[in-house]
Structures are given as C-alpha cells and as structure tokens.
Amino acid sequence: MMGLYDSVARELLNIQAIQVRTDDYFTWTSGIQAPIYCDNRLTMSYPNVRKQITSAFARMTEHLKRQPDVIAGCATAGIPHAAWLAERLDLPMAYVRSKPKAHGLGNQIEGQVNKGQKVLVVEDLISTGGSSIEAAKTLRDAGADVLGVAAIFTYGLQKAEQQFSAAGFDWWTITDFDAILRLLTDDGAINTNQRNQLKAWRDHL
C-alpha cells in the first residue's frame, strides 16, 4: 500500500504540478535551465491533494522534538498550506513577506508572533533555499524560536543543503526529486538515459 508521502508525490505528478522535459529545458525565475519544474500552486485547486499535503505536514509535525506554537507561511505560495496546517492543528498562523510592506505599519511578519514562541515555517518548494531561509531569519530576528522549515518538495540541490546548514536551520520535505524519479521510472514515463540525465543535472548543479 502506498504511503502517505508517496501518495503526495504521485498526486503532484497526476495534476502536473511537477513536470519533466529532458529535451526542452524549463527556465526558472533564477535563470537556471532545468529538465524539471515544480508549481505547487496548482495544489490549491485540488481539494483532495491539498488535504493529503496537510495530513503529511501534520504527521511531520507530530515527529518534531518540540511542538510549534505558531505556523508561519512563506509568501506567497506557502501561505495557503500554512493556513490549512494551522487549522488542522488548531494553532495561530502568520506569514512572512519577502520584504517589509511599503505602506501602513510596514510589517514584514503578518499576524502575531511573540518573542520566544516556537514557530514552524511552511513553504511550498525548496530549490536553493534562499527565500525560505530569509523568512526563517526574519522570524528569528524578531525573537521567534524557529523550529525549522517544512516544504512540500525539494529538487535536492546541494546548494540548499549548504545554505540551510550555514544558516543553522533544520528543514524537511514531504517528497523530493529522488521520489519523483522513482515513480517516473516505475511508470515507464522516463527511460534509463533520461533518468541518468536528470540525476546528472541535479548532482552537478
């Protein structure tokens, strides 16, 4: 029987939130050319998929050594998943902007996060880890006790490992690049050469 985490990976492929093109690479916002692209914003439109993701996040949270007081989403794609998880756990929710608001109170953290509160940061995707780490740093600088970053998917890039380690934050994901490759291979959706091409891209980036 397929595990909860594996079923999320399967659903991301089914709704084409994750797509693979080994002959016509995608261009990421950062300019990186990649044979894989993940758009987890699509999950918002599929109630069953987002419920599975929320359940996976809740299970992940159960295994933390310390339980969060607040769930904080990364703007923008992490916000809905943080909201659904906070609702499931009956916890306060906040979100972190990429930069302070240019008007009003000039907040970068929206919602109430008090000094010393344990905060779990929720993100939809980790590529190099930059935006997630900045959100976590913003919360830490505000006095929060950041437990780590939880995301739906990671490409498994070495740069993310290095940046999270350097920043001193733990991080976890529901599924990852290797799990997607296993499913695509098992389905016959990619052949051995394509699988090797994808792994080589990831390992050398």
Exercise for the section: Take the solvent-accessible surface of the protein heavy atoms, probe 1.4 Å, and return the percent of it on region 86-205 that carbon and sulfur atoms account for. Expected result: 43 percent
Completion exercise
Checking Thr154, Thr27, Thr138 against a Gaussian network model of the chain (alpha-carbon springs below 10 Å), the top fluctuating residue turns out to be Thr27
Practice task
Quick one: work out the % antiparallel among DSSP beta bridges in the chain, nearest 5.
Solution key: 25 percent
Problem - Net charge contributed by nearby residues that have their C-beta within less than 14 Å of Tyr46 (K/R +1, D/E -1) - result: +1
Problem - Among Thr192, Thr54, Thr43, residue whose mean-square fluctuation peaks in a GNM of the chain (springs only between Cα atoms under 10 Å) - result: Thr192
Problem - Among Ser131, Ile190, Pro47 the positive-end extreme of the charge dipole of the chain (Cβ point charges) - result: Ser131
Completion exercise
Met44 and Lys115 label points (each 7 Å along its Cα→Cβ direction) are spaced in nm at 3.5 nm
Problem - R0 of 22 Å, Cβ-Cβ distance Lys65-Arg97: FRET efficiency to nearest 0.05 - result: 0.15
Exercise for the section: For region 28-72, run through the trypsin sites (Lys or Arg not before Pro) and keep only the ones in DSSP coil with at most 15 other Cβ atoms within 10 Å of their Cβ. Expected result: Lys65, Arg66
Practice task
Rounded to the nearest 500, what is the 222 nm mean residue ellipticity of the chain from helices alone, with -39500 (n - 2.57) per DSSP H run of 4+ residues and division by all residues?
Solution key: -13000 deg cm²/dmol
Completion exercise
At R0 = 41 Å the Cβ-Cβ FRET efficiency linking Glu87 and Thr27, nearest 0.05, sits at 0.70
Exercise for the section: Note the angle between two axes, namely the Cα long axis of helix 47-62 and the longest principal axis of the Cα atoms of the chain, as a number of degrees from 0 to 90, rounded to the nearest 10. Expected result: 60 degrees
Exercise for the section: Choose one answer from Ile32, Ile53, Ile190: the residue with the largest mean-square fluctuation in a GNM of the chain with alpha-carbon springs under 10 Å. Expected result: Ile32
Practice task
Could you pull out every residue, at least 5 positions away or on a different chain, whose amide H is within less than 5 Å of the one on Phe26? Hs are placed 1.01 Å off N in the peptide plane, and Pro or chain starts have none.
Solution key: Ala34, Ile36
Exercise for the section: On a 0 to 90° scale, report how tilted helix 177-187 is relative to the longest principal axis of the chain, with both axes built from alpha carbons and the result rounded to the nearest 10. Expected result: 40 degrees
Practice task
Return one number: the angle in degrees, 0 to 90 and rounded to the nearest 10, between the long axis of the Cα atoms of helix 158-167 and the longest principal axis of the Cα atoms of the chain.
Solution key: 20 degrees
Fill in the blank from the handout: Sparse-neighbourhood loop hits (trypsin sites (Lys or Arg not before Pro), region 87-133; DSSP loop; Cβ within 10 Å at most 13 others) -> Lys101, Lys115
Exercise for the section: Return, ordered by residue number, the residues of region 19-45 whose backbone nitrogen is under 18 Å from a label point located 7 Å along Cα→Cβ of Leu13. Expected result: 19-23, 35-40, 43
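The values are calculated or read from the model by the stated rules, or taken from the named source; none is laboratory data. These numbers were taken from a predicted model, which means no experiment stands behind them. Note that each Cβ is placed from the backbone with ideal geometry, even for glycine, and that neighbours are counted across all protein chains shown. Side chains included, ligands, DNA and RNA excluded: accessible areas come from the protein's heavy atoms. Shrake-Rupley method; radii C 1.70, N 1.55, O 1.52, S 1.80 Å.
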